[in-house]
Amino acid sequence: MSRLFMKNSDVSPNRKSVVRYENFGDKVITKSMAERTRNMMARAEEALIKAGKVTYRTKKASARAARLLALVFSLLFSLTGCHGKREQRTFEIPETFDEAGKYEITFWAKNDTNKTQTGIYKKAISDFEKLYPNITVNLRLYTDYGKIYNDVITNIATDTTPNVCITYPDHIATYLTGQDSVVPLDDLFADEKYGLGGGELKFDSPAQDEIIPKFLEECAFGGSHYAIPYMRSTEACYVNKDFVEKLGYTLPEMLTWDFVWEVSEAAMEKNADGTFKLNGQNVLIPFIYKSTDNMMIQMLRQKGAGYSTDDGEIQIFNDTTKELLETIAKHVKTGAFSTFKIGGYPANFLNAGQCIFAIDSTAGATWMGTHAPLIDISEDKLVEFETAVMEIPQFDPEHPQMISQGPSVCVFNKADKQEVLASWLFAQYLLTNDVQIAYSQTEGYVPVTSKAQESEEYQDYLQREGEDNVTYYDVKLKAAKLLLSHTEDTFVTPVFNGSASLRDAAGQLIETTTKSVRRKATADDAFFKKLYTDTASLYHLDQGSAQMDPDAVVTGAEALGPLPLTSKLLLAALAAAWVLIAGYLFLTGLRRKNRK
Amino acid sequence: MKKFTAVLLTASLVVASASMAMAAETEMETEPTLTVEEKSEGVMTHDEYVAAAVDDEVTIETYVQAKQSWWEDKATLYTQDQEGAYFIYNLPCSEEDYEKLEVGTKIRVTGYKAEFNGEIEIDGEGATFEILDGEFIAEPLDATELLGTDELIDHQNEFVTFKGMTVEAKEDAEGNEVAFLYKDGSGQDGDDLYFDASVNGETYTFTVESYLCDNTTDVYNAVKELKVGDVIDMEGFLYWYEGVNPHITSVTAAE
């Protein structure tokens, strides 16, 4: 078979569709776009455009509508935020679930382009429907959190949101700007009949204290829980151990950034014919990072440097960020470092012997290593090597810090309380051991309940590491164990309306630096000053931040440019309305005075 | 005299007809040879483009063959000239200009050469383009016999055809034999379609890329109707992802 042709590939090779396990927002977004997920939101919007629309004009209008809605929601949110806690349409838990009525609910789920995951969702639905024959669950599948986000935003406007949705807290912060859109779950958690571990449930639900506290906390903001965790992962560094040792190094117990940079530079030595001494190939990128937003966020966290405050003050444009970018630029220049968005999937380079350190989600473990069950490259390009699964590099290995990521589940509010209760029952069903254990085994995920983690079945699974290269694939199990042993070392970034944009900006700083240096730009002070300005402007982070360099960043009004005509008309209409109200009040007052 | 004139005219007619026929024959023989346009100053030939390194700035003149997508003022295009093909990803492009990009439209693009998992392309970030006078619509190259050969990559991104291919079975999530899958079997209607087809005893995977051809198109629905064992002809673009990954735009029963 030709080395150029991948026969019988069972994976989607398009960068848009191979959104397998990418990070969105604080966690997993993607390529694709797919698409590629190089520009996640853009791809997501494109997907929105594509959804059921035939004509080009319609497509464009839909995308703009989504963006407009997001903007409107943001404005509404910022306005209502001035008045303290937002008033919610109260969801009152029905006394009893109506088993005589018929309820049809929709579940928008995300899979990692993994048919086993799809199968588990379908089985969960089937099993749930057997328990509750009066509830029908319609599954809609996505491979990209960004697409879910965009579709939800669009559907909030038309009150056609799904009932249950896989999501991220960053996104919920935006969903909440739609009045009463997402159900606060605290009362449901505590309900004796239908709450967590409730007495009237037809399945074995975990009690609230059986959800890993750290993971549950990630779903709380604004004083309420708006989601339940579904699966959790972190990032891991998948290492070609053979290459490290061939270069004369020994892997430390915990990777440091200095070690990774040093080994990566040592690998750049070439033969006279231009091939790399390490692998004898023309291609070698020693260090590739999949999700550069995570890279920046974790580096800043480990350094104790600013990213944002809990209430949304932007702090990322600081001197530490610049120092980190300068280091990255140095290693881009030598060719020792690159990113997924620029070159492609880290797993493909790792498996072809063209990479030493590949950092990706633990939920991407099934793609990593010579014997990975999911492989994107042809067999003749695969090289044999030992894969070490390690924590991401640290600045202070004594106090490791790594991101917590993975999907959560929220429930959308509806006029029919029984329908909401039916939705909650299904959402809660996803926490049962059957679903938790089965789904976690599809990737390097871990179950979010101690009930599942401590179960005999799951413990048995963990002990069987390496028994085969499918269910017990050693790299996958090592990735899961990595998170299990570091749960307390994980963190999440603050959630606020706009936190998703900040996350994108964090990644963009690295992507732009990397791409620019590859194109022979000089990464000097002027470069970084412009980078900060451009990035802040692009992601609208230059409005209201106290920490940004005033010399480097233009003001919000300058960045936004002149008001568009529609805004001017809207403002004019508002002004006219106030004039009319004032006029009416004046005339009314005048009449009263005349009567007297 | 009249007889002589008639004979002369007839003879002239016969000679003229014969000459025309010969000329036409000569023309038919030479027709397949494409005239390669001379490039404008500063514009690369396809060979020069191929020789350029990744991250080098490149300037090309090429012709739009298909439009994959447009959003947020960025267009992704399959383009080709008489020498070879160029895939252009995320080219900054207004809606107005995008509408002007008909199949065959000539454009000049300046940007940076990039490679994404084996796909050579022009990265639109920082790229510019202008619409020029001129038109060229590529005829599909029959790449059937090139499948599985090292020569195939020389035609990366070109408009090609595959003939007489037999649809092979794939396995869905439930273990059933099917003629196609949405993604790897984890997707649904509207997602990319993947199907296998064989020729000369070897089986290859083909894609209906849903941004290029969504579920309202003939090709998308034709693939959904495929049965294992069907013999088909296909057209599409020779896209690359860790090996060739043809983006199919047409599927018909084999002639």
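The values are calculated or read from the model by the stated rules, or taken from the named source; none is laboratory data. Quantities reported herein were computed from a predicted structural model and do not represent experimental measurements. Virtual Cβ from ideal backbone geometry, glycine too; neighbours counted across all protein chains shown.
If you scan the range A:318-346, which residues turn out to be within 25 Å of the chain's Cα centre (by Cα) and among the hydroxyl-bearing types (Ser, Thr, Tyr)?
A:Thr320, A:Thr321, A:Ser338, A:Thr339, A:Tyr345
Of all residues in the range A:91-143, which are in contact with a Lys or Arg (Cβ under 7 Å, 6 or more places away or on another chain) and of a type in the set (D, E, K, R)?
Residues satisfying the conditions are A:Glu92, A:Asp112.
For residues that are in a strand (DSSP E or B) and within 9 Å of chain A (Cβ to nearest Cβ), scanning just the range B:68-87, find the one that is modelled with the lowest pLDDT.
So, considering only residues that are in a strand (DSSP E or B) and within 9 Å of chain A (Cβ to nearest Cβ), the one modelled with the lowest pLDDT is B:Trp71.
B:Thr249: within 11 Å of chain A (Cβ to nearest Cβ), among the β-branched types (Val, Ile, Thr) and part of a strand (DSSP E or B), yes or no?
It is false that B:Thr249 is within 11 Å of chain A (Cβ to nearest Cβ), among the β-branched types (Val, Ile, Thr) and part of a strand (DSSP E or B).
Filtering the range B:164-198 down to residues that are part of a strand (DSSP E or B) and small (Gly, Ala, Ser), which residue is farthest from the other protein chains (Cβ to nearest Cβ)?
Among residues in the range B:164-198 that are part of a strand (DSSP E or B) and small (Gly, Ala, Ser), the one farthest from the other protein chains (Cβ to nearest Cβ) is B:Gly164.
Look through A:Gly248, A:Gly306, A:Gly280 and report the one residue that is over 20 Å from the mean Cα position of the chain (by Cα) and under 18 Å from A:Thr535 (Cβ atoms).
Exactly one residue qualifies, and that residue is A:Gly306.
Of the conditions (1) surrounded by fewer than 24 Cβ atoms within 10 Å (Cβ to Cβ); (2) assigned to a helix (DSSP H, G or I), A:Thr370 satisfies every one except a single condition; which number is it?
Here A:Thr370 meets the rest and fails (2).
Just give me the residues in the range A:150-177 being farther than 26 Å from A:Thr449 by Cβ, crowded, with 22+ Cβ neighbours inside 10 Å and either of a type outside the set (Val, Ile, Thr) or not assigned by TED's automatic domain parsing to the domain that holds A:Leu430 (or both), in sequence order.
A:Asn150, A:Asp151
Search the range B:223-235 for residues being surrounded by fewer than 19 Cβ atoms within 10 Å (Cβ to Cβ) and of a type outside the set (Asp, Glu), and hand back the single one that is farthest from B:Gly164 (Cα to Cα).
Top of the filtered list is B:Lys224.
Has the range B:124-143 got any residue that is within 11 Å of another protein chain (Cβ to nearest Cβ), in contact with a strand residue (DSSP E or B) (Cβ under 8 Å, 6 or more places away or on another chain) and either surrounded by fewer than 16 Cβ atoms within 10 Å (Cβ to Cβ) or in a loop (DSSP other than H, G, I, E, B) (or both)?
yes
For the subset of the range A:454-480 comprising residues that are in a helix (DSSP H, G or I) and touching a Leu at 6+ places or on another chain (Cβ under 7 Å), which member is nearest to A:Lys115 (Cα to Cα)?
A:Leu477
Would you say A:Asp180 is part of a loop (DSSP other than H, G, I, E, B), among the charged types (D, E, K, R), assigned by TED's automatic domain parsing to the domain that holds A:Asp416 and under 27 Å from A:Asn150 (Cβ atoms)?
yes
Only residues that are in a loop (DSSP other than H, G, I, E, B) and within 14 Å of chain A (Cβ to nearest Cβ): list them for the range B:199-227, please.
Hits for the range B:199-227 are B:Asn200, B:Gly201, B:Glu209, B:Ser210, B:Tyr211, B:Leu212, B:Cys213, B:Asp214, B:Asn215, B:Thr216, B:Thr217.
Just to be sure I understand, how many residues within the range A:403-439 are under 30 Å from A:Thr292 (Cα atoms) and part of a loop (DSSP other than H, G, I, E, B)?
Number of matching residues: 3.
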